[in-house]
Amino acid sequence: MLQEITSTDTGCLTINVGPQHPSTHGVLHLVITLSGETILRVDPHLGYIHRSIEKMCESLSYRQFIYVTSRMDYLSSHINNHGCALCVEQALQIEVPPRAQVIRVLMDELTRMASHVLWWGAMAMDVGAITPFFHAFRERELINEIMEETCGARLTMNYMVPGGVMFDLHPNFQKRVKDFIPFFKSKLDEYDELLTHNIIFKQRTQHIGVLSREDAISYGVTGPTARASGWACDVRKRVPYECYDRLRFEEVVEQAGDCYARYLVRMGEMRQSLSLVEQLIDNIPQGDFQAKTKAVLKLPKGEFYSRVETARGEFGVYIVSEGGTTPYRIKFRSPGFSNLSALDHMARGHKIGDLVAIMGSLDLVIPDIDR
Amino acid sequence: MTLRNYLRNIFQGLRSLWTGMRRTGYYFVHHKEIITQQYPDEPPRLAERFRGEVVMPHNESNEHRCTGCTACELACPNGTIKIITKYEVTPEGKKKKALDQFIYHLELCTLCNLCIVACPTDAIKMSQAFEHSVLDRRELIKILNKPGSRLMDGVE
Amino acid sequence: MWSIEQIIGALNQWLQHTLGNVGAAIAAYILLGIFVILFFSVLGLVLVYMERKVSAWMQVRLGPNRVGPKGLLQTLADTLKLMSKEGLTPAGADRFLFNLAPVLMIVVSMLLLAPVAFARNVQIWDLNIGVLYVSAISSVSVLAVLIAGWSSNNKYSLLGAMRSGAQIVSYELSAGFAILTVAVLSGSLQVSQIIESQQTGWWIFRGHLPVWVATVVYLIAVTAETNRAPFDLAEAESELTAGFHTEYSGMKFALFFLAEYANVFIASAIGATLFLGGWMPLHIGNWEAFNRVMDWIPSSIWFLAKTFFLIFVIMWFRWTFPRLRIDQLLELEWKYLLPIGLVNLILATAIAVLGWHF
């Protein structure tokens, strides 16, 4: 029995964390090598939820392929759809009406909040506090109800279409969002009470999984994870799309690069998203919610790339078109994949408990990594 | 670490823990904050746009609006809809294409709404039914046009 | 009014009358055994229900409410389910040790019940080193955890067990110091005498600062000793799936589960005895009228109320805090609780010698 447990000479312990494990948030499989409790090496194994979405998209028309991308990063499905719609619009040079732009940004920011709220609960769950998870779902439920009312679905909305959005906003939308804003603000303060200032939580996250700015750049880490390492890489600021260039918001950047910094960046982003929604909710211009487009979209021959900032980082859509109704090749640059690649670097030398905290702070969505 | 810092650490730590305990304690005694919806007892509040499944509305005289143009079938990303058409002889003696069977595979449907958007005659719409579980998956293959139904007058 | 003391006295007399001295002793032991087993099952049912309701309310949920009125029979249904489940023994496990561990765990908890004073003069065994006995026996439970983790032939279980070993052994110390603080003040290790010494007021009121510190230290230490969040590193659901009992199922798992709650109850009962006066009603100096009203409330009610209050506090911890990491856990013990406990013990001794307590 001894020989089975300790793997021979080196005294190292190799453990499979996942594909079924409470803290891998899905079917991520990590093979970790331990010396005692200290992590020597982390090997992520992917492929358990590979659905070949990129290949599927090659057989779908430019209106159809957008819905599949909701299934990648299902927590920011709106933003994924947005990226795809942007790429098609860019190729066809469709001018999106101002109302549609504002609706898109509103939905993106609501999605970002919903995603970060869920992350907050899951992060707390990973470090062992269970109550925040339920509190987080209370707020997420409200956002989901707002989504459901306007888009008809709660998770995979498929609301963005090339040229705008699928339907107009629901008449109740403004009122419900306005009710939500002060409620969410008060709950964010509760989040601080429960977790942000909690000494145990701070101990668990400060100086854990430090990622320097150089490493963040070289691993291609984006999103809140990179911004926590001091790399200002928000696509909404650097390459503004839709009406982001006309909006006032701050890019939340922390310098420490540890789990707590990543936590603070996301908490800050929730507040920033809230202020974006606050700015826009009373200023939705009148007009069309969708530009006039042809029934069958044919992209010109060429290569097209667009990128958006999802809740996890930079999401890129790269379409190679041969001039037909379906793409010749589609490549998605998903933020989770690059973020996960830095896990080994961050986790080495830490304890198992830290690995879980680091994974929580990376905000991994496995279908986004595996596609 | 001086003794002063040591004691301050303890005090601040305890205070932060107490803040959290006060918050959970608040929820422990304030039962009106409970948000559980008891689903089968309390009917869920569904939005009017909620997408549950595709249905084809019929009017009182068993007429629908589907011309069998297959726009929805083409728009569907995963082959959920299969339309079988037939030729009907109109009173004037002309042959005309009409809907025979609108086959809808609920088990394949991702409820993306593209077929509804594509339909030129508003023949199909989304219903709010969401309790789809059945014991036999064949029951999920539905024929949306009712037996004996025909095209509504004036819909081209 | 009938008190538990009188009922037991009458029962004892009746037994001696009908069975003679030896027969009565044997019958008493059998009855005692039945009582302990029944008490444990009821305790498990009540505490699991309580935990589920407490957690639900803190998490803005309703908690169990389907089986029986207000969900009261939910835990009974769960127990039936656990009993009907298959108890798997994984291939490659050490069968004997694997099956021994849950039994050992529950036996240790049962042994701990001996010196607990449930009401006035109702105690299974009032030995003269009662609190020492509790400290000594409770550390045996770490053996059960180690055996369970080792014999499961599962790496998660092994890691959980090793964590638990380090944890329980170290927290035993500060729990001991906290207990000693009261022992010094009351001048006895016997549970009944410790309770007697609180006749004029509970130690938490009379002993002021050192007892307050000791209470906090004791609560933290027993939370760690009973392997409950935020110190549930041996289980650590999000890290080690279920730690040392990953491989257990059915009734064997239920025994671990039961033992955890039984340990919480006993830890709280000892805490209530030491700091809150056990079954002793709330007495304030020489307010005769007030004291008489308090005396009218049965002593068992006093004991249970105090114990359940402490259980609630321990549950409150669990549903509020994140989990510590193993090195932080040991740091908390060796760098904070232990020095504080030591200084506190010296302070308590000085106060006891100088008679500065009330």
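The values are calculated or read from the model by the stated rules, or taken from the named source; none is laboratory data. No experiment lies behind these values; they were computed from the predicted model shown. Note: ideal-geometry Cβ built from the backbone for every residue, glycine included; neighbour counts use all protein chains shown.
The figures follow:
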item	result
Residue within the range B:89-100 that is surrounded by 19 or more Cβ atoms within 10 Å (Cβ to Cβ), outside any loop (DSSP other than H, G, I, E, B), in contact with a Cys (Cβ under 8 Å, 6 or more places away or on another chain) and within 12 Å of chain A (Cβ to nearest Cβ) present	no
Where a residue in the range C:43-54 is within 14 Å of chain B (Cβ to nearest Cβ) and part of a helix (DSSP H, G or I) and its partner, wherever it lies, is of a type in the set (A, V, I, L, M) and surrounded by 19 or more Cβ atoms within 10 Å (Cβ to Cβ), with Cβ under 7 Å and at least six apart	C:E51/C:M315; C:V54/C:M315
Failed criterion for C:L72 (all others in (1) within 14 Å of chain A (Cβ to nearest Cβ); (2) over 30 Å from A:L13 (Cβ atoms) hold)	(1)
Odd one out for A:T24, checked against (1) modelled with pLDDT under 80; (2) surrounded by fewer than 19 Cβ atoms within 10 Å (Cβ to Cβ)	(2)
Some residue of the range A:127-135 being of a type in the set (A, V, I, L, M, F, W, C), away from chain C (no Cβ under 14 Å) and buried (at least 24 other Cβ atoms within 10 Å of the Cβ)	no
The listed residue being away from chain A (no Cβ under 14 Å), surrounded by 15 or more Cβ atoms within 10 Å (Cβ to Cβ) and β-branched (V, I, T), out of C:I346, C:I301, C:I351	C:I351
In the range C:200-235, residue surrounded by the fewest Cβ atoms within 10 Å (Cβ to Cβ) [restricted to those that are assigned to a helix (DSSP H, G or I) and of a type in the set (S, T, N, Q)]	C:T215
Any hit, the range A:104-120, residues being among the small types (G, A, S) and closer than 26 Å to B:L17 by Cβ	no
Candidates A:F304, A:F315 - the one that is closer than 17 Å to A:W119 by Cβ and of a type outside the set (A, V, I, L, M)	A:F315
Sole residue being in the same structural domain as C:L342 (by TED's automatic domain parsing) and farther than 30 Å from A:P19 by Cβ, chosen from C:L173, C:L159, C:L240, C:L233	C:L173
Residue under evaluation A:R236, criteria (1) within 26 Å of B:G20 (Cβ to Cβ); (2) surrounded by fewer than 23 Cβ atoms within 10 Å (Cβ to Cβ), criterion not met	(1)
Unique residue being in contact with a Ser or Thr (Cβ under 7 Å, 6 or more places away or on another chain) and away from chain C (no Cβ under 14 Å) when the list is A:S52, A:S77	A:S77
Search result, residues across the range A:156-182 that are farther than 11 Å from A:A100 by Cα and of a type in the set (A, V, I, L, M, F, W, C)	A:M157, A:F173, A:V177, A:F180, A:I181
Hits in the range A:55-71 (condition: more than 10 Å from chain B (Cβ to nearest Cβ), surrounded by fewer than 24 Cβ atoms within 10 Å (Cβ to Cβ) and in contact (Cβ under 8 Å) with a residue 60 or more places away in the chain)	A:E58
Residue within the range A:361-371 that is at pLDDT below 85 and either farther than 30 Å from C:G243 by Cβ or among the aromatic types (F, W, Y) (or both) present	yes
Residue in the range B:66-76 that is at pLDDT 85 or above, facing chain A (nearest Cβ under 9 Å) and under 25 Å from A:M147 (Cβ atoms) present	yes
Scope the range B:97-113; condition charged (D, E, K, R) and farther than 18 Å from B:E131 by Cα; matching residues	B:K97, B:D100
Of all residues in the range A:339-354 being more than 8 Å from every other protein chain (Cβ to nearest Cβ) and within 15 Å of C:R325 (Cα to Cα), the one that is farthest from the chain's Cα centre (by Cα)	A:G349
All helices (runs of 4 or more DSSP H) inside the range A:143-238 with 1 or more residues being within 11 Å of chain B (Cβ to nearest Cβ)	A:173-191, A:199-205
Qualifying position, being crowded, with 21+ Cβ neighbours inside 10 Å and touching a Leu at 6+ places or on another chain (Cβ under 7 Å), among A:S361, A:S338, A:S321	A:S321
C:L100 being surrounded by fewer than 20 Cβ atoms within 10 Å (Cβ to Cβ) and in contact with a Phe, Trp or Tyr (Cβ under 8 Å, 6 or more places away or on another chain)	no
Hey, B:K86 in contact with a Leu (Cβ under 9 Å, 6 or more places away or on another chain) and surrounded by fewer than 15 Cβ atoms within 10 Å (Cβ to Cβ) or not	yes
Residue list for the range B:59-88, restricted to those being charged (D, E, K, R) and part of a strand (DSSP E or B)	B:E63, B:K82, B:K86, B:E88
Members of the range C:236-258 found to be part of a loop (DSSP other than H, G, I, E, B), surrounded by fewer than 24 Cβ atoms within 10 Å (Cβ to Cβ) and within 14 Å of another protein chain (Cβ to nearest Cβ), listed by number	C:T241, C:A242, C:T246, C:E247
Residue in the range A:117-126 that is farthest from A:D258 (Cα to Cα), counting only those that are away from chain C (no Cβ under 14 Å) and surrounded by 24 or more Cβ atoms within 10 Å (Cβ to Cβ)	A:V117
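So that you can scan it fast, the table gives a plain yes or no per residue for (1) more than 12 Å from every other protein chain (Cβ to nearest Cβ); (2) crowded, with 19+ Cβ neighbours inside 10 Å; (3) more than 28 Å from B:D122 (Cβ to Cβ); (4) more than 33 Å from the chain's Cα centre (by Cα):
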{"residue": "B:W18", "(1), (2), (3), (4)": "no, no, yes, yes"}
{"residue": "B:R23", "(1), (2), (3), (4)": "no, yes, yes, yes"}
{"residue": "B:Y27", "(1), (2), (3), (4)": "no, yes, yes, yes"}
{"residue": "B:E33", "(1), (2), (3), (4)": "no, no, yes, no"}
{"residue": "B:M56", "(1), (2), (3), (4)": "yes, yes, no, no"}
